[in-house]
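Structure first, then comments.
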Amino acid sequence: MKYIVLVLLFSTTTFAQTLEEKPLGTFFNPNENKHVYYKDVNNLLNKYVGTWVFDDGTHYFKIQFYKETFHRETPIGNKKITIFTDRIVGHYQYKLNGVVIYDVTDNRYVHSTSGAFFNGLRIFYDEPTNASCGRSIMGKVTLDYSNSNNIEQLTWNRTDTNFETIWCQPFDKTPYKTPTNMILIKQ
């Protein structure tokens, strides 16, 4: 038993020494050939953390963003590398005319990736479905942050991309119910 613990300890120590740390805002290179941790060393994600609300009287959308550190990304292709990243995850609630449509507490529906910074934070967005293969669309959202007179806002612009695969059927092909474009106010 002591031998197994020593081997595990040695493996973990060796791996930790080969992990290269890079700032989160740097370009995410999918052809990376080494273990990398894209860390939010400049606190780029902090301004997005918190509760944000859009309410136009018909549509009510509340999202709570959290910062997740040291998230392990899915391996790329057949590469034997590991990429970790700090990212934003979110939980949201959507009401239409006062009726709750979605109350999502599972962060798999909203998250950013390490290549998320261009002219704002880029996140992936999805809505719940009962279809066994999920939805045939994926939302890509750009969040633009602004602060005017101490009122923090996020401009939410979503573009939906269609995809399907022959390996899994049926997909939910219904469009998303939440608004495509919103101005969210920090609470």
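Considering (1) at pLDDT below 95; (2) charged (D, E, K, R); (3) assigned to a strand (DSSP E or B), say which one K62 fails and leave the rest.
(1)
Scan the stretch 21-29 and tell me whether some residue there is small (G, A, S) and either in a loop (DSSP other than H, G, I, E, B) or at pLDDT below 85 (or both).
Checked against the condition, which is being small (G, A, S) and either in a loop (DSSP other than H, G, I, E, B) or at pLDDT below 85 (or both), the stretch 21-29 yields at least one hit.
Scan the stretch 30-59 for residues that are modelled with pLDDT of 95 or more, touching a strand residue (DSSP E or B) at 6+ places or on another chain (Cβ under 9 Å) and not aromatic (F, W, Y) and report the count.
Counting residues in the stretch 30-59 that are modelled with pLDDT of 95 or more, touching a strand residue (DSSP E or B) at 6+ places or on another chain (Cβ under 9 Å) and not aromatic (F, W, Y) gives 8.
Scan the stretch 134-149 for residues that are open to solvent by 10 Å² or more (accessible area, probe 1.4 Å), closer than 22 Å to L44 by Cα and assigned to a strand (DSSP E or B) and jot them down.
K140, T142, D144, Y145, S146, N147, S148, listed by residue number.
The values are calculated or read from the model by the stated rules, or taken from the named source; none is laboratory data. The shown structure was predicted, so the numbers you read here are calculated from the model rather than taken from an experiment. FYI the Cβ positions are ideal-geometry reconstructions off the backbone, even for glycines, and counts take in every protein chain you see. Accessible surface is based on the protein model in full, side chains and every heavy atom, while ligands, DNA and RNA are left aside. Shrake-Rupley method; radii C 1.70, N 1.55, O 1.52, S 1.80 Å.
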